[in-house]
Number of protein chains: 2
Amino acid sequence: MDVAVIGLGLIGGSALRAFAAAGHRVFGYDADPATRATARTAAAQAPGTARWQVVSTVRDAIDSADLVVVAVPLPALGRVLAQLAAAGYSGLVTDVTSVKGPVRDLVERHLHRQHDRLAGFVGGHPMSGRERSGFTAADPGLFADCAWVLCLEPQVTPVGDWLTVAAVVTGLGARVVPTTAVEHDRAVATISHVPHLLATALAATAATDRLAWSLAAGSFRDGTRVAASPPGLVAAMCGGNADAVRTALDEVLAALADARDALDTDEPIAALVPWLARGSTARAVWPPLAGTALELPARPDALLRLGRVGGWVTAVADDRRTVTAVRPVTVDPPS
Amino acid sequence: MDVAVIGLGLIGGSALRAFAAAGHRVFGYDADPATRATARTAAAQAPGTARWQVVSTVRDAIDSADLVVVAVPLPALGRVLAQLAAAGYSGLVTDVTSVKGPVRDLVERHLHRQHDRLAGFVGGHPMSGRERSGFTAADPGLFADCAWVLCLEPQVTPVGDWLTVAAVVTGLGARVVPTTAVEHDRAVATISHVPHLLATALAATAATDRLAWSLAAGSFRDGTRVAASPPGLVAAMCGGNADAVRTALDEVLAALADARDALDTDEPIAALVPWLARGSTARAVWPPLAGTALELPARPDALLRLGRVGGWVTAVADDRRTVTAVRPVTVDPPS
């Protein structure tokens, strides 16, 4: 397949390398000339079978592409989609941004306006962020065994488009999770966006006390690791998903209010034990174990049910009538 | 020196191994016969120069001891201190529990009652917890370059006692941080106890959604790592330091309320950037870098000032008139 990657940061750069390593013909573009130069130098040093081309315009990148991977931050996404539309691109498009509702809206405005579908779109999100960013941090192995969400909107996304992108992404070793933009945004608010807010609040609070700053060890290191992420990226991700993040943050704040109440009792140690036990029991069974592989019909309802119970797709059959799927073994996360 | 270690969990077991490896004669005791048997078997497998003895009573452990390290959880500490007093032990005692105010009160009740100082006491806390617990997780290298708090209470702790314990602990490679029980408890509330509460609240919240549970990746893994800790231990540590934890939790909740307000604005992305930047800038300069070593007079005022600016002691001079100290280089944690 001919794949274009627009935006060569950590995720785009890793996708560029991973698609090339998987045998696709890959064209990369970044708006920053210095990043293009770095990516071009790296291409010359890559094994001959896994090289990519770095081009100087979006048009050159998408010229022969069957699939365009837009790997720019959310604030830049609308502009790139408009460029694809202006260039008359009519193949498939996917993205890698960490919120999917706002992306769906941008796609409706730029690619699917007036019911005139210029290009097919399948929203994506590889769950593989790192606190390092930029092309120099790119790693072709970043997606191995990583959950990679691909949005399947009932009555909107043609299942054929979804299966094409799913086949390419499973080829990188990723676990493809079928879900909708709304369900995705609710889930990542809890497991990614709110954790960034907690980490930041903790780091900023501890920084006001030098003794604390010096004593801080393992629980602080891990609890604040993602606080070092670039503020602009985290703001785009949390602020671009504000409704779901508010809801998830309020749930965590309600849990913390319960802990606060336990601290206020006459027996805070005894009062905290059951509160702590809930989270401890849950965390002990995470990550969920993979069950045995099964065949599922490649239909939207079956795929979305799979995502809802925490399952994923590992391969798309050649005839595209079935997928190989894995459900987690049924150690239920306690609720 | 003859050292007795009472309680052979992760910290006590590691101390047992580390003191033995540093050349001390070490006696270990645990209330649990199975733990004693495990520790005895491990002793037989240790190098001849780094063996320890495991005995079956507290009395046997402390019989010839110059220093008793009490490494039991807070709820068991009073009973052990009473046993030391009942046995007429008159050497030095230190502990490793993660709250120091309640320990100071127990020492006053059991060891220093009626101004009759039965034994010298220096409260301690190695900042080296791990999510694994028990003797089988013990590691003699656990304390290398780890911050180890030793409490120096003005007008209460004889500086000679403090220096004796500090000399032994720096011999394990630890960075000894001089502070008071009150200042310690305030600092660890922020950098250890509240992080446990945040991790637990996050794990419990995410466990209610199977899609979220399946998508959870790096930021969730690190942000919830310590949620898997034994609830009883975490409850003792947070509930035993309830006042300071309440204060620190309220500071973090206030910071999160600011983030909540930013999410409520018409421009949540722009509003979040300055809020995120504070924590991000702070986290980027943690851990603080060590400055050059300097000599300090071994006096309580100089030692406590060192702790307050985030510094630590690396060695005690043989004449015990000075210590070798390190201050962090002055990249101020932004506040």
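Only the coordinates and a few stated rules stand behind these numbers; no lab work does. Computed from a prediction, not measured in an experiment: that's the story for all the values here. Neighbour counts run over all protein chains shown; Cβ positions are idealised from the backbone, glycine included.
Considering only helices (runs of 4 or more DSSP H) fully contained in segment B:19-104, which possess at least 3 residues that are within 23 Å of B:Val149 (Cβ to Cβ)? If you could, list the steps in order and put the result at the bottom.
On the way: elements: B:33-45, B:58-62, B:74-86.
Once the helices (runs of 4 or more DSSP H) in segment B:19-104 are filtered for at least 3 residues that are within 23 Å of B:Val149 (Cβ to Cβ), what remains is B:74-86.
Are any residues in segment B:55-87 buried (at least 21 other Cβ atoms within 10 Å of the Cβ) and without any contact (Cβ under 8 Å) to a residue 40 or more places away in the chain, and if so, which ones?
B:Leu77, B:Leu81, B:Leu84
Checking A:Ala167 against (1) at the interface with chain B (Cβ under 9 Å from one of its Cβ atoms); (2) surrounded by fewer than 23 Cβ atoms within 10 Å (Cβ to Cβ), only one condition comes out false. Which one?
Only one criterion is unmet by A:Ala167, namely (1).
Give all pairs with beta carbons closer than 9 Å in which a residue from segment A:182-196 that is at the interface with chain B (Cβ under 7 Å from one of its Cβ atoms) and surrounded by fewer than 24 Cβ atoms within 10 Å (Cβ to Cβ) meets a residue that is of a type outside the set (Ser, Thr, Tyr) and part of a helix (DSSP H, G or I); count only pairs at least 6 apart in sequence or on separate chains.
Listed pairs, sorted by first residue: A:Glu183/A:Leu304; A:Glu183/A:Gly307; A:Glu183/A:Arg308; A:Glu183/B:Leu211.
For segment A:170-179, how many residues are of a type in the set (Ser, Thr, Tyr) and surrounded by 23 or more Cβ atoms within 10 Å (Cβ to Cβ)? Break it down stepwise before answering.
Of the residues in segment A:170-179, the ones of a type in the set (Ser, Thr, Tyr) are A:170, A:179.
Keeping just the survivors that are surrounded by 23 or more Cβ atoms within 10 Å (Cβ to Cβ) gives A:179.
Here the count works out to 1.
For segment A:305-330, how many residues are touching a helix residue (DSSP H, G or I) at 6+ places or on another chain (Cβ under 8 Å) and either within 10 Å of chain B (Cβ to nearest Cβ) or not small (Gly, Ala, Ser) (or both)? So that I can check it myself, show each step before the final result.
If we filter segment A:305-330 for residues that are touching a helix residue (DSSP H, G or I) at 6+ places or on another chain (Cβ under 8 Å), which is where we start, we get A:307-316, A:320, A:323, A:325, A:327-328.
This time we only want the ones that are either within 10 Å of chain B (Cβ to nearest Cβ) or not small (Gly, Ala, Ser) (or both), so: A:307-314, A:316, A:320, A:323, A:327-328.
Matching residues across segment A:305-330 total 13.
Results for (1) without any contact (Cβ under 8 Å) to a residue 24 or more places away in the chain; (2) surrounded by 24 or more Cβ atoms within 10 Å (Cβ to Cβ), shown as yes or no for each residue.
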| site | (1), (2) |
| --- | --- |
| A:Thr205 | yes, yes |
| A:Ala212 | yes, yes |
| A:Arg221 | yes, no |
| A:Ala235 | yes, yes |
| A:Val245 | no, yes |
| A:Glu251 | no, no |
| A:Ala254 | yes, no |
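Would segment B:284-298 turn up any residue that is surrounded by fewer than 17 Cβ atoms within 10 Å (Cβ to Cβ), touching a residue at least 40 places away in the same chain (Cβ under 8 Å) and either within 12 Å of chain A (Cβ to nearest Cβ) or closer than 30 Å to A:Asp243 by Cα (or both)?
yes
Condition check: more than 13 Å from the chain's Cα centre (by Cα), part of a loop (DSSP other than H, G, I, E, B) and more than 20 Å from B:Leu233 (Cα to Cα). Does B:Val165 satisfy that? If you could, list the steps in order and put the result at the bottom.
Values: more than 13 Å from the chain's Cα centre (by Cα): yes; part of a loop (DSSP other than H, G, I, E, B): no; more than 20 Å from B:Leu233 (Cα to Cα): yes.
Taking the combined requirement at face value, the residue does not satisfy it.
Which number in (1) under 22 Å from B:Ala298 (Cβ atoms); (2) touching a residue at least 60 places away in the same chain (Cβ under 8 Å); (3) surrounded by fewer than 19 Cβ atoms within 10 Å (Cβ to Cβ); (4) of a type outside the set (Phe, Trp, Tyr) marks the one condition that B:Arg132 misses?
Here B:Arg132 clears every test but (1).
When segment A:231-251 is examined, which residues are found to be more than 7 Å from chain B (Cβ to nearest Cβ) and not in a helix (DSSP H, G or I)?
A:Asn241
Which of (1) without any contact (Cβ under 8 Å) to a residue 40 or more places away in the chain; (2) outside any strand (DSSP E or B); (3) under 23 Å from B:Ser14 (Cβ atoms) does B:Glu108 not meet, given it meets every other one?
That leaves (3) as the condition not met.
Since A:Val159 meets every condition but one in (1) within 14 Å of chain B (Cβ to nearest Cβ); (2) surrounded by fewer than 23 Cβ atoms within 10 Å (Cβ to Cβ); (3) among the β-branched types (Val, Ile, Thr), which condition does it not meet?
The single condition A:Val159 does not satisfy is (1).
Given the options B:Ala147, B:Ala254, B:Ala216, B:Ala212, name the one that is within 19 Å of A:Ala217 (Cβ to Cβ) and within 9 Å of chain A (Cβ to nearest Cβ). Talk me through it step by step, then tell me what you get.
Working: B:Ala254 fails: within 19 Å of A:Ala217 (Cβ to Cβ); B:Ala216 fails: within 19 Å of A:Ala217 (Cβ to Cβ); B:Ala212 fails: within 19 Å of A:Ala217 (Cβ to Cβ).
Unique residue meeting the criteria: B:Ala147.
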